[in-house]
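Taking it in order: structure first as structure tokens, then the write-up.
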Amino acid sequence: MGTAAQVQPAAATAVKRLPPWASLGIIFGLVSAASILTWGPIGVSGTYPRFIGAILRRIDPAYATANPYLEKMGSLLKPESFLVLGLLIGGFLAARVWRVAKPAIERVHAAEHSTRARYMNSFIGGFLIIFGARIAGGCTSGHIISGITQGALSGFVFAAAVFAVGIGTAKLIAARGN
């Protein structure tokens with residue numbers, strides 16, 4: 001009887017816990033699957049043309065209703081719009097709760113000699129990313145998160161391409177000493 005009592009604690013400690021990133025990954029996957037089952041595939045880039053469409057419907061309703069793309073994108077009141085709003089609010093609240101300092105602006109490109117140039121380049125880059133996402137039929141959250149959750153080959157290929165290009169770009173920047 002004494003042997004069983006000695007073996008049991010050793011067996012209990014032999015069970016390993018998942019690392020936090022794996023536990024959070026599983027939770028994220030389950031929430032993503034529930035979201036897809038409830039609302040369908042979700043992403044954020046569609047919110048921007050919906051927002052523009054909502055503005056144009058107020059300014060020039062005839063143009064907005066005659067535009068097939070804006071009609072296809074539909075109303076602003078979709079789950080993705082609330083996701084974008086939640087991302088903005090969550091980021092703001094997290095920064096306030098944990099009192100995160102405003103990050104220093106890194107000048108990645110040698111041509112950026114001012115904060116204004118950095119913001120302008122960031123805005124142009126962000127616009128191009130959204131433009132490209134709409135041409136591609138979705139953004140990284142749509143293609144990677146929803147795509148991989150649904151087991152779509154395109155989601156896996158896109159994720160591999162994003163990471164490959166990201167790693168290559170980071171190595172290139174590091175090699176240049178920036």
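Taken together, the values in this text are just the output of simple stated rules run on the coordinates, not laboratory data. Fair warning: this is a prediction, and the values are worked out from it, not measured in the lab. Heads up, the Cβs are rebuilt from the backbone with ideal geometry, glycines too, and the neighbour counts pull from every protein chain shown.
The table for this structure:
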read-out	value
Dipole-positive endmost among Leu83, Gly43, Asn67 within the stretch 36-103 (Cβ charges, Cα centre)	Leu83
Peptide ranges 76-83, 92-99, 48-55 listed from the most packed, as the mean C-beta count within 10 angstrom indicates	48-55, 76-83, 92-99
Cβ-placed point charges (K, R +1; D, E -1), dipole of the stretch 36-103 about Cα centre in debye, nearest 20	300
Potential lengthening between Leu93 and Asn67 on full extension [0.36 nm per residue; Cα-Cα distance subtracted]	5.7 nm
More than 20 angstrom apart: percent of Cα pairs within the stretch 36-103	44
Projected label distance in nm at Phe127 and Leu77, using a 7 Å step from Cα toward the beta-carbon	3.1
Student exercise, the stretch 61-170 dipole from Lys, Arg, Asp, Glu Cβ charges, in Debye to nearest 20	340
Projected label distance in nm at Ser23 and Ala170, using a 7 Å step from Cα toward the beta-carbon	2.5
Cα→Cβ-extended label distance, 7 Å offset, between Met120 and Arg134, nm	2.3
